[in-house]
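Notes to accompany the following structure.
Read-outs: derived from the displayed coordinates by stated rules, not from any lab. Since this is a predicted model, take the numbers as computed values, not measurements.
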Ligand code: HEM
């Protein structure tokens, strides 16, 4: 039986994948987001001295200075481009119909982008004096779960595919993205402070 047939025959997964209601999606994601936000806060506190001190923090929103970006290492530039691209594309994937040719094309592009974000992050270690930091667990997790999510859809397991991809978007992109604007880090300096 082909993959597309399997998709059509399973009324539960078909309904969930083809037309996920906005409210049900939100209801599903909210507890996950809450737990991850709490876990993120716990990790943040556990990091202690390995991150720049949050004080004194002076919020000063401003347009990004291109010179600051130019001065950052190549790995960071690649990482940022891939992560922001994956973020935008991920939002589009959630909104667009699933199972179409466009979904597959955008999906493979997303896989490349999030993969590039994870791999490039392995070369960014200056925040922890040249060593891996706790956030690198997200990178390793992404590199393990990403092929699993692709493999799931290749064998017609849409539910697992959807859960793994959603987990990667929230657990990887959103959490890492939120942590990336912490005071002292590049995104903070680019947009919010000194
Ligand atoms: C929109 C999403 C993301 C943004 C805006 C972002 C931004 C950044 C930036 C600018 C850096 C350079 C260090 C600095 O801030 O000064 C960085 C480092 C890093 N990023 Fe991301 N990133 C995102 C997503 C991801 C993802 C998806 C992963 C992993 C799968 C990841 C893992 C890391 C790691 C491990 C570091 C090194 C942090 C450290 O050594 O403490 N990031 N990120």
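Taking max minus min of the alpha-carbon positions on each principal axis, segment 153-194 gives extents of 49, 12, 10 Å, largest first. With the alpha-carbon atoms of segment 81-194 aligned to their principal axes, the span from lowest to highest coordinate is 46, 26, 17 Å, starting with the largest.
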